[in-house]
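Dropping a structure here in structure tokens format, bear with me for questions.
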Amino acid sequence: MLEQSIQRTSLLRILRHMTRFRRMNRAYAWFREGQIYLQQGNYRQALVQLNEAIIRAPGYAEAYTKRGLTYYKLGQYNRAQTDFMQALALNQRQYEAHFGLGETYDLAKEYEKAIAAYSKALWLKPDYAAAYNNRGCVYTDVGEYQRAIADFDKALKLDPQFALAYTNRGLAYIEIKAYGQARLNFNQARTLDPRQRRAYFGLGQTYYALKDYKQARIFYSYAIQLTPTYQAYNNLGLVFDGLESYEKAIEMYTLALELKKDSWETYSNRGWSAYALKDTTRAMADFEQAIELSPDQAYSAYLNRAWLFAENGSYKAALEECGHVLIWGIQDSLAYTYRARVYCWQRLYAQALEDCGRALAINAECAETYGVRGLVYLRQKEYTRALTDFEKARTLGHNLFWLTEEHATARRMVPGDEKTSAET
């Protein structure tokens, strides 16, 4: 009897194993179909297959990982994150789940968690070029540019044909003002992938920073031909401002707003272009729209509106606008600069210079501050100092049309030998 009982127990165990094996076989068949659909970009059908795989094998960690990747591709990021976590609860060695989790954390701006997740993926799979690339992007987002470049270097060593990693390394080089290196990376990216939109966009950024507005226009236009985006139209507007083609700038900002109707920055930019055309009514309307959209963030709209108020003699209102931004503490250098401009209009030159000093202590490369300080010196008939500041402003900044007449005046008033010194 004991022997028969043992045999029955063994038989039941074998049957259970066979049943589990058949279930896993069927689950694997659904899983493979889902994986193929995922690779083909047929995400809806992939989801159907992977759901079936998980129903048949609830402990199938890799199926959760692939379903998480599918949800991510479909833009269902919370579901993707849930699946990645479930996959890792079943098997901590699912490197793709760590990678996917990093992507969801990155989207949520949880950068420390994203870096940790990508690092775990790399610990499990040291030759994971995509993880180095993505972690490099997060390091760029948090301002750790040298670490970002090091990660892009590793990604490209593993995969020299990785066009996106060249683009991302170029963007990191822009942040440290290594424009030559940035340009080389963007050009390599578009050589590898002529449809690499972000490489053309990056070249637009590079040439804009170098004040080569004609080249910037060409590359932003290429980027738009590939994929029209809000940011490309907005940046092309900035380029046209640099070219002093203000009507074209307004046209680009308007196209940008068609793609992103709630962009207070673009309304503020468009208003400044209208002001350059001396259309103060249209300018004020755009500044007010920007403030309505984001009353607690639209710092440039408040400051631009302060400029218009002061120009019309409404100094109290102008100072209140500057005060709004100073209370927030988000753009103190510009707020002090614009307040200095108001004081200059009021002929309160000592207070204006004091605010310029505060602004430069915060940001020693603020072009607007040098421009405003130059205006103060010009009013005080200190022409050499004014010219020096105007030249510095022109070197650092873009779209400083409001300095044109004063800059010319300073140049006329400075003797030849002093002029050479001021310009160097």
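Go through segment 123-161 and give me each residue that's closer than 17 Å to Gln92 by Cα, part of a helix (DSSP H, G or I) and touching a residue at least 24 places away in the same chain (Cβ under 8 Å).
Leu124, Ala131 - these are the residues of segment 123-161 that are closer than 17 Å to Gln92 by Cα, part of a helix (DSSP H, G or I) and touching a residue at least 24 places away in the same chain (Cβ under 8 Å).
Name the residue, out of Arg373, Arg347, Arg394, that is among the basic types (Lys, Arg) and in contact with a Cys (Cβ under 9 Å, 6 or more places away or on another chain).
Arg373
Could you check, for segment 310-330, whether at least one of its residues is part of a loop (DSSP other than H, G, I, E, B), of a type in the set (Asp, Glu), out of contact with any Asp or Glu (no Cβ under 9 Å at 6 or more places or on another chain) and touching a residue at least 12 places away in the same chain (Cβ under 8 Å)?
no
Moving on to the next point. Restricting to segment 207-224, give me the number of residues that are surrounded by fewer than 20 Cβ atoms within 10 Å (Cβ to Cβ) and of a type in the set (A, V, I, L, M).
3
Of the residues Lys154, Lys73, Lys120, which is surrounded by fewer than 17 Cβ atoms within 10 Å (Cβ to Cβ) and among the charged types (D, E, K, R)?
Lys73
With (1) within 17 Å of the chain's Cα centre (by Cα); (2) assigned to a helix (DSSP H, G or I); (3) farther than 20 Å from Ala298 by Cα as the list, and Asn234 as the residue in question, which single condition is left unmet?
Among (1) within 17 Å of the chain's Cα centre (by Cα); (2) assigned to a helix (DSSP H, G or I); (3) farther than 20 Å from Ala298 by Cα, the lone unmet condition for Asn234 is (3).
Restricting attention to segment 323-334, does a residue exist that is modelled with pLDDT under 95 and either in contact with a strand residue (DSSP E or B) (Cβ under 6 Å, 6 or more places away or on another chain) or aromatic (Phe, Trp, Tyr) (or both)?
Scanning segment 323-334 turns up at least one residue that is modelled with pLDDT under 95 and either in contact with a strand residue (DSSP E or B) (Cβ under 6 Å, 6 or more places away or on another chain) or aromatic (Phe, Trp, Tyr) (or both).
Does any residue in segment 273-285 that is closer than 9 Å to Tyr246 by Cβ and surrounded by 14 or more Cβ atoms within 10 Å (Cβ to Cβ) come within less than 7 Å, Cβ to Cβ, of a residue that is at pLDDT 95 or above and hydroxyl-bearing (Ser, Thr, Tyr) six or more places away or on a different chain, and which pairs are these?
Ser273/Tyr246; Ser273/Tyr253; Ala276/Tyr246; Leu277/Tyr246
Please go through segment 370-382 and give me each residue that is crowded, with 18+ Cβ neighbours inside 10 Å and either charged (D, E, K, R) or at pLDDT below 95 (or both), ordered by number.
Answer for segment 370-382, where residues must be crowded, with 18+ Cβ neighbours inside 10 Å and either charged (D, E, K, R) or at pLDDT below 95 (or both): just Arg373.
Here's a follow-up. Sort out which residues of segment 299-317 are closer than 15 Å to Tyr253 by Cβ and of a type outside the set (Ser, Thr, Tyr), and write them in order of number.
Ala301, Asn304
Which residue pairs have Cβ atoms closer than 8 Å, lie 6 or more positions apart in sequence or on different chains, and pair a first residue in segment 25-38 that is without any contact (Cβ under 8 Å) to a residue 60 or more places away in the chain and under 13 Å from Ile54 (Cβ atoms) with a second residue that is in a helix (DSSP H, G or I) and hydroxyl-bearing (Ser, Thr, Tyr)?
Final answer for the pair search is Gly34/Thr70.
Related question: Could you check segment 331-366 and list, in sequence order, the residues that are buried (at least 18 other Cβ atoms within 10 Å of the Cβ) and outside any helix (DSSP H, G or I)?
Correct list: Gln331, Cys366.
Further, regarding this structure: Name the residues in segment 178-227 that are part of a helix (DSSP H, G or I) and in contact with a Lys or Arg (Cβ under 6 Å, 6 or more places away or on another chain), would you?
Hits for segment 178-227 are Asn185, Ala199, Thr206, Ala223, Leu226.
Tell me, which residue of segment 166-200 that is among the hydrophobic types (A, V, I, L, M, F, W, C) and out of contact with any Phe, Trp or Tyr (no Cβ under 6 Å at 6 or more places or on another chain) is surrounded by the most Cβ atoms within 10 Å (Cβ to Cβ)?
Phe186
Okay, next question. Is it the case, given these coordinates, that Thr191 is within 19 Å of Asn133 (Cβ to Cβ), free of Cβ contacts under 8 Å to residues at least 24 places away in the same chain and hydroxyl-bearing (Ser, Thr, Tyr)?
yes
Looking only at segment 113-138, which residues are under 11 Å from Leu158 (Cβ atoms) and either among the polar types (S, T, N, Q) or within 20 Å of the chain's Cα centre (by Cα) (or both)?
Ala130, Ala131, Tyr132, Asn133
Exactly one condition in (1) touching a Phe, Trp or Tyr at 6+ places or on another chain (Cβ under 8 Å); (2) farther than 21 Å from Val138 by Cα; (3) surrounded by fewer than 16 Cβ atoms within 10 Å (Cβ to Cβ); (4) not β-branched (Val, Ile, Thr) is not met by Arg93; state its number.
So Arg93 meets the others, but not (1).
With the checklist (1) free of Cβ contacts under 8 Å to residues at least 24 places away in the same chain; (2) surrounded by fewer than 17 Cβ atoms within 10 Å (Cβ to Cβ); (3) within 22 Å of the chain's Cα centre (by Cα) in hand, flag the one item Thr227 doesn't pass.
Every listed condition holds for Thr227 apart from (1).
The values are calculated or read from the model by the stated rules, or taken from the named source; none is laboratory data. Being a predicted model, the structure only gives us computed values, none of them experimental. Note: ideal-geometry Cβ built from the backbone for every residue, glycine included; neighbour counts use all protein chains shown.
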